[in-house]
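First up is the structure itself, then whatever we jot down about it.
The values are calculated or read from the model by the stated rules, or taken from the named source; none is laboratory data. Here the structure is a predicted model, which is why all the values come from computation and not from measurement. When we count neighbours, we look across all protein chains shown, and the Cβ atoms used for this are built from the backbone with ideal geometry, even at glycine.
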Amino acid sequence: MGDLIKFGDVEMIVTKTSSRHKVIDITLTGNTSEQAPKLILSKNNRIVYEVPADVDVNVNVTEKTVIDKSPLFDEESKAGK
């Protein structure tokens, strides 16, 4: 929001975002399929997993903003249908 976009001689300022939510992807590595993490707590913006004590776990966290697509620019759906 607030970005200045220029199309030829026309300048526009972005006043509304189409972002709805973010997806946070947490990947644990170092454990095997037999040592799957057990969800202990998911409350108050906190997630706790339990894994066996002999496992060296590496954590990778990625964040992605999910944007709702306009039917005018979405190739999968056609406007007017």
ask   = If you go through segment 13-63 one residue at a time, how many are out of contact with any strand residue (DSSP E or B) (no Cβ under 7 Å at 6 or more places or on another chain) and among the small types (Gly, Ala, Ser)?
value = 4
key: First in segment 55-75 and farther than 30 Å from Glu34 by Cα and part of a loop (DSSP other than H, G, I, E, B), second anywhere and at pLDDT below 55 and of a type in the set (Ser, Thr, Tyr), Cβ under 9 Å, 6 or more apart   = Lys69/Ser77; Pro71/Ser77
key: Among the candidates Thr62, Thr17, residue that is within 25 Å of the chain's Cα centre (by Cα), modelled with pLDDT of 85 or more and not charged (D, E, K, R)   = Thr62
